[in-house]
1. Please specify each residue of segment 141-169 satisfying the condition of being assigned to a helix (DSSP H, G or I) and over 16 Å from the mean Cα position of the chain (by Cα).
2. Could you please find all residues in segment 110-139 being within 22 Å of residue 28 (Cβ to Cβ), more than 15 Å from the chain's Cα centre (by Cα) and assigned to a loop (DSSP other than H, G, I, E, B)?
3. Out of (1) closer than 15 Å to residue 14 by Cα; (2) touching a residue at least 40 places away in the same chain (Cβ under 8 Å); (3) in a helix (DSSP H, G or I), the odd one out for residue 95 is which?
4. Take residue 29 and tell me if it is in contact (Cβ under 8 Å) with a residue 40 or more places away in the chain, over 19 Å from residue 105 (Cβ atoms) and touching a strand residue (DSSP E or B) at 6+ places or on another chain (Cβ under 9 Å).
5. Identify, from the list 70, 81, 51, the residue that is without any contact (Cβ under 8 Å) to a residue 60 or more places away in the chain and out of contact with any strand residue (DSSP E or B) (no Cβ under 6 Å at 6 or more places or on another chain).
6. Look through segment 2-28, keep the residues that are surrounded by fewer than 22 Cβ atoms within 10 Å (Cβ to Cβ) and over 28 Å from residue 179 (Cα atoms), and return whichever of them is modelled with the lowest pLDDT.
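The values are calculated or read from the model by the stated rules, or taken from the named source; none is laboratory data. Here the structure is a predicted model, which is why all the values come from computation and not from measurement. Because the Cβ atoms are built from the backbone with ideal geometry, glycine has one as well, and the counts that use them run over all protein chains shown.
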């Protein structure tokens, strides 16, 4: 953990469209670094989603098939299934496209955990620094073996996809009809 002490409160964020095993790795790494984990769900609705030049696909409607509520269920289900207690979790909307609004959703005195894979990761880090937030880069990698796009494509093409997501997420996708929505 690069010598950092356990934070009282940590903030981690993502679109989770849908939540996959790579997201779970990230969420669990964040949970290990704090007592209370605030999980921010970005692009919580179409009105708080804007175009991002470093990741143009992230704002497209087809890249955001799941509602905030469905993603809340995914985050809560995946983390509790991985034995992170509900008492340690807070799940909130996180309008990352409008950084000036973030203080209304997540605590400014928390440690913000970030992973960097590309220019978008660096842009998020810069955005947090501009807001004066305390950050910790958990890792920098160039290879992202699983992505939400891969999961959505697999579902759309009728290919196996359940092995790419935690079991709790597969249940939410099926119970909420997200798989049918993506195929439709």
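1. Taking segment 141-169 as the starting set, the residues that turn out to be assigned to a helix (DSSP H, G or I) are 148-156, 162-164, 167-169.
The answer is 153, 154, 155, 156, 162, 163, 167.
2. Within segment 110-139, 110, 118, 133 meet the criteria.
3. Single failed check for residue 95: (3).
4. On the way: in contact (Cβ under 8 Å) with a residue 40 or more places away in the chain: yes; over 19 Å from residue 105 (Cβ atoms): yes; touching a strand residue (DSSP E or B) at 6+ places or on another chain (Cβ under 9 Å): yes.
Criteria met by residue 29.
5. Details: 70 fails: without any contact (Cβ under 8 Å) to a residue 60 or more places away in the chain; 81 fails: without any contact (Cβ under 8 Å) to a residue 60 or more places away in the chain.
Residue meeting the stated conditions: 51.
6. Out of the qualifying residues, it is 2.
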